[in-house]
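Report on the following structure.
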Amino acid sequence: MSGSRRVDEKRRNLLKAGVFAAGISFIGVSRSTLMSMLKPVSLSEVLGVPPRRETEETLARKAEWKEERIKEWCSRKVEEICREYGEGSEECAEARRRCEAVKVKATPARQGVAFAMALDVNKCIGCRRCAYACVMENNVARNNGIEWIKVLEAPREGEAIDFLHAKLDYTDAPKEDMVYVPVACMHCENPPCVMACPVRATWREPDGIVVVDYERCIGCRYCMTACPYGARHFNWGVPEPSVLELNPNMHILGNVPRQVHVVEKCTWCIHRTRDGGIPACVEVCPVGARVFGDLNDPESPIRRVLEEYGAFVLKPEAGTRPRFFYFFGPARTPAAKEGGGEK
Amino acid sequence: MSVGEVVETVKYVVREGLRGGRAYYGLLLGLLVMAVYGVYVWVGVQHAPIFLRSEQGGLVLTGMSDSVPWGLYISFFVFWVGVAAAGIMFALGAYVFNHPGFRKIAVLGEVQAVAALIVVLLLIIADMGRPLRAMVLMPLLPNFPRSMLGWDFVVITGYLVINLVGYLYTVGRYREDRSLSARFLVPFVIVAAPIAIGIHTVTAFISQALTARPYWNTALLAPRYVATAFASGPALLLLVLLLAERSVKGFRVDWDVYRKTIFVTTGALIVGLYFTFSEVQELLWYTTEPFKKAQLEVLLLGRAAAWLSLLFWLWIALGVAAVILALIPSVRSTRGGVAFIALLTVIAVIGEKTLTIVLPSYIPDSLGQIRPYTPTPVEIVVTIGIHAIGFLIYAILAKPAIRAIMTHYKGASH
Ligand code: SF4
Ligand code: SF4
């Protein structure tokens, strides 16, 4: 308990720095003074409703069951592929290899970890490689047109990022006078999507990852209405993942193939990060604009950039307290021309 | 009422509800065909992946998208919740203010509420991606105090049960020419009135506290919902009463019921129009919320979805027209005039309460992108089918009710 309070303290200081850096101050009184007087409670504590969490055993059992199902499905597909391309073909071997390697994990959150991500708006060149890598990594069905990461192109002048003049469908980048803002799930500390879900099919894990239980979602889409960041996506049609491109490294709350009529969203590559890795988008970014890590670890890269450059969040007025931060790093990529509005 | 009496009453309702002349059977048959076709399209086309394990179909056949996740179904859901809620107005007139004219027909308010609530529930089910899971999980209320949808489920099913009880009790008594006992009515009204307001309030609360949707994010949303509900609901019942007077021989409605109800609907319309006016002022005059303004521009000026602003202006135009007509004594004192005013009111509120209250929140969407929405034939057919089921139930329940009323009031009152 005291440990988590210490963690909270750190996070608050960090957020204060972030808020300050963005030049927004919500309350005149010092927040830590206020917090020492007021003890935060959550409504569910007051009303005696425990947050719905799978126990580790039930989740592990579910993962096993799911793995069997996926193997059944993909061996059927492998046969089809081998019949079509021939037994000896590369495609057949590839599909078989991927299908055999399928492993559905149920790795639980590690104690005391608080994940966060930050993105250097000065570095991002809007190439959308993160969005592409994300689709491949997370077995997002190609036929439903879902992308967990959207990259907005917005005019650079003006104080705030103006969504209404931002474009998603730009075709060439980077442009001198534009800024690129990738948006995905913000893994909010105070997520309205979790509040909205009538059946607790979506919740926030102890390490801060907001997940969806695809076996439980009833497809009412209230969470999509409640999310201020357009981060949740619906499988409007039957998803058809391709075995030839299947990522066999899966997590039951992450990139297992989805079903029709359920919601899905970014999970910060839960199948990688829970095992100590970094998300695919962070890995693939050609300019290194993305930083990921544990907020509670003073040595983590995320702590370093946030402490050094400060951070801001999108739509702070929505009150969701995102764990995804944006910052302005030291140099622009590509370098701004002489006199061209350096920020 | 004993169990035996309830069973007898149900039998009576079924027997009387299914008896009638050629025109009546024609009506039932027409509605049935529409209903069956709608259900077929829902089960066999829109939800084929769920029910038939088909690889084709799915909600992708609707006009909805990640930008506009709620469309036609939820829009009409909002409207019918309002109609259901307003049934209570007749119960109040009858049992609280003890108006004999209202007492006579109050049970029809319950019929209307039952039919409207069934439409409401069916529209939600049609919209739900995984209806079977929902039927298992929703009654358990897993996220009850926090999720507004859980609240909505509770009050809507609760209100449905209350109205069914009221209906069966009233019909059961009247058909044996007995009057209603105060021992039943007092608790009935005390429970039903707050829940009636509650269903519409909770429906508005689903949307009004979402910071993600600036257009809804106003404390005026719930009052606005309730205000126009008291225009559309009673107006629809007036139309039904007029129709019943014409088609059921010997059934008369006290003229004072029409007069008083038109007062209520006109008052509600004025309040509703005033709320709209006030919202538009907030948004257009000097708002600092660009999102809200952009969403309002879609609504008012028809950017991106012209038919949407058409509906909005329909609300203003027909709403104002209905108010003006109701103010002219020579119009509101004829049955034809009342029918016309009521019709205008219902259409005006459909303009206000359906798509124009749901869609602007999604256009532009939460990332500022404009992805217009137009309902597809699949959605329209399913929606019509569900409405046909609703009207079928309305007819089958209203007929025995009118018959029971006539038994009880036998010529005693006009
Ligand atoms: S960004 Fe949206 S989906 Fe992600 S946690 Fe926040 S509200 Fe939920
Ligand atoms: S769509 Fe699924 S996850 Fe979202 S609120 Fe409905 S049941 Fe919950």
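The values are calculated or read from the model by the stated rules, or taken from the named source; none is laboratory data. Just so we're clear, the structure is a prediction, and the values are computed from it rather than from any experiment. FYI the Cβ positions are ideal-geometry reconstructions off the backbone, even for glycines, and counts take in every protein chain you see.
Taking the options A:A173, A:A131, name whichever one is more than 16 Å from ligand 2 (Cβ to nearest atom) and either outside any helix (DSSP H, G or I) or more than 18 Å from A:F324 (Cβ to Cβ) (or both).
A:A173
From the list A:V199, A:V183, exactly one residue is modelled with pLDDT under 95 and within 7 Å of another protein chain (Cβ to nearest Cβ). Which is it?
Exactly one residue qualifies, and that residue is A:V199.
From the residues in region B:249-291 that are over 18 Å from B:F230 (Cβ atoms) and touching a Pro at 6+ places or on another chain (Cβ under 8 Å), which one is surrounded by the most Cβ atoms within 10 Å (Cβ to Cβ)?
So, considering only residues that are over 18 Å from B:F230 (Cβ atoms) and touching a Pro at 6+ places or on another chain (Cβ under 8 Å), the one surrounded by the most Cβ atoms within 10 Å (Cβ to Cβ) is B:F291.
How about region A:178-212: which of its residues are assigned to a loop (DSSP other than H, G, I, E, B), away from ligand 1 (no atom under 12 Å from the Cβ) and surrounded by fewer than 24 Cβ atoms within 10 Å (Cβ to Cβ)?
A:R200, A:P206, A:D207
Select from region B:131-153 the residues that are in a helix (DSSP H, G or I) and charged (D, E, K, R) and list them in ascending order.
B:R133, B:D152
Name the one entry in A:E153, A:E157, A:E147, A:E215 that is under 18 Å from B:G129 (Cα atoms), surrounded by fewer than 22 Cβ atoms within 10 Å (Cβ to Cβ), assigned by TED's automatic domain parsing to the domain that holds A:V287 and not small (G, A, S).
Exactly one residue qualifies, and that residue is A:E215.
Please list, ordered by first then second residue, the pairs with beta carbon atoms under 7 Å, 6 or more apart or interchain, first in region A:193-206 and more than 9 Å from ligand 2 (Cβ to nearest atom), second in a loop (DSSP other than H, G, I, E, B).
That search, which allows pairs on different chains as well, returns A:M195/B:R146; A:M195/B:S147; A:W203/A:P51; A:W203/A:R52; A:W203/A:R53; A:R204/A:P191; A:E205/A:A109; A:P206/A:A109.
How many residues are crowded, with 18+ Cβ neighbours inside 10 Å and away from chain A (no Cβ under 14 Å) when one looks only at region B:40-91?
The total comes to 15.
Counting only residues that are within 11 Å of ligand 1 (Cβ to nearest atom) and on the phi > 0 side of the Ramachandran plot, how many does region A:213-227 have?
Here the count works out to 0.
Filter region A:221-257 for residues that are more than 7 Å from chain B (Cβ to nearest Cβ), polar (S, T, N, Q) and within 16 Å of ligand 2 (Cβ to nearest atom) and give the result.
A:N235, the sole residue that qualifies.
Test A:D207 against the stated conditions and say whether it is acidic (D, E), outside the structural domain of A:A101 (by TED's automatic domain parsing) and farther than 26 Å from A:R98 by Cα.
So A:D207 fits the description; yes.
Can you pull out the residues in region B:112-161 that are within 12 Å of chain A (Cβ to nearest Cβ) and polar (S, T, N, Q)?
If the condition is that a residue be within 12 Å of chain A (Cβ to nearest Cβ) and polar (S, T, N, Q), then B:N143, B:S147 are the ones that fit.
Would you pick out the residues in region B:227-279 that are in contact with a Lys or Arg (Cβ under 7 Å, 6 or more places away or on another chain) and at positive phi?
None; the set is empty.
Anything in region A:229-244 that is closer than 16 Å to B:L61 by Cβ and aromatic (F, W, Y)? List them, or say none.
Listed by number, the residues that qualify are A:F234, A:W236.
If I ask for residues that are farther than 26 Å from B:L296 by Cβ and either under 22 Å from the mean Cα position of the chain (by Cα) or among the charged types (D, E, K, R) (or both), which ones from region A:158-185 would you list?
Scanning region A:158-185 gives A:D172, A:K175, A:E176, A:D177, A:V179, A:Y180, A:P182, A:A184, A:C185.
Scan region A:151-167 residue by residue and report those that are over 12 Å from B:G368 (Cα atoms) and in a strand (DSSP E or B).
Of everything in region A:151-167, those that are over 12 Å from B:G368 (Cα atoms) and in a strand (DSSP E or B) turn out to be A:V151, A:P155.
Could you tell me which numbered condition A:R323 fails, if it satisfies all but one of (1) among the basic types (K, R); (2) within 16 Å of ligand 1 (Cβ to nearest atom); (3) surrounded by fewer than 21 Cβ atoms within 10 Å (Cβ to Cβ)?
(3)
Identify, please: which residue in region A:139-169 is within 11 Å of another protein chain (Cβ to nearest Cβ) and of a type in the set (D, E, K, R) and is, among those, farthest from A:L253 (Cα to Cα)?
Looking at the filtered set, the residue picked out is A:D162.
Going by what's in this entry, would A:R96 be described as surrounded by 14 or more Cβ atoms within 10 Å (Cβ to Cβ) and in contact (Cβ under 8 Å) with a residue 24 or more places away in the chain?
So A:R96 does not fit the description; no.
Of everything in region B:115-130, what is hydrophobic (A, V, I, L, M, F, W, C), assigned to a helix (DSSP H, G or I) and buried (at least 22 other Cβ atoms within 10 Å of the Cβ)? Give them in sequence order.
B:A115, B:A116, B:L117, B:V119, B:V120, B:L122, B:L123, B:A126
Just to verify a result, which residue in region B:58-114, among those that are assigned to a helix (DSSP H, G or I) and of a type in the set (S, T, Y), is nearest to B:V381 (Cα to Cα)?
Of everything passing the filter in region B:58-114, B:Y73 is nearest to B:V381 (Cα to Cα).
Given the criterion assigned to a loop (DSSP other than H, G, I, E, B) and modelled with pLDDT of 95 or more, identify the matching residue among A:N122, A:N139.
A:N139
Identify the single condition in (1) under 30 Å from B:D66 (Cα atoms); (2) buried (at least 18 other Cβ atoms within 10 Å of the Cβ); (3) in contact (Cβ under 8 Å) with a residue 24 or more places away in the chain that B:M138 does not satisfy, given that it satisfies every other one.
All conditions pass for B:M138, except number (3).
Of everything in region B:358-384, what is in a helix (DSSP H, G or I) and either closer than 29 Å to B:Y40 by Cα or away from chain A (no Cβ under 14 Å) (or both)? Give them in sequence order.
Within region B:358-384, B:V358, B:L359, B:P377, B:V378, B:E379, B:I380, B:V381, B:V382, B:T383, B:I384 meet the criteria.
State whether the residues of region B:169-176 include one that is more than 16 Å from ligand 1 (Cβ to nearest atom), out of contact with any strand residue (DSSP E or B) (no Cβ under 7 Å at 6 or more places or on another chain), within 19 Å of A:C193 (Cα to Cα) and in a helix (DSSP H, G or I).
No, every residue in region B:169-176 fails to be more than 16 Å from ligand 1 (Cβ to nearest atom), out of contact with any strand residue (DSSP E or B) (no Cβ under 7 Å at 6 or more places or on another chain), within 19 Å of A:C193 (Cα to Cα) and in a helix (DSSP H, G or I).
Please state which one of B:T170, B:T203 is at negative phi, within 14 Å of chain A (Cβ to nearest Cβ), buried (at least 19 other Cβ atoms within 10 Å of the Cβ) and at pLDDT 90 or above.
B:T203
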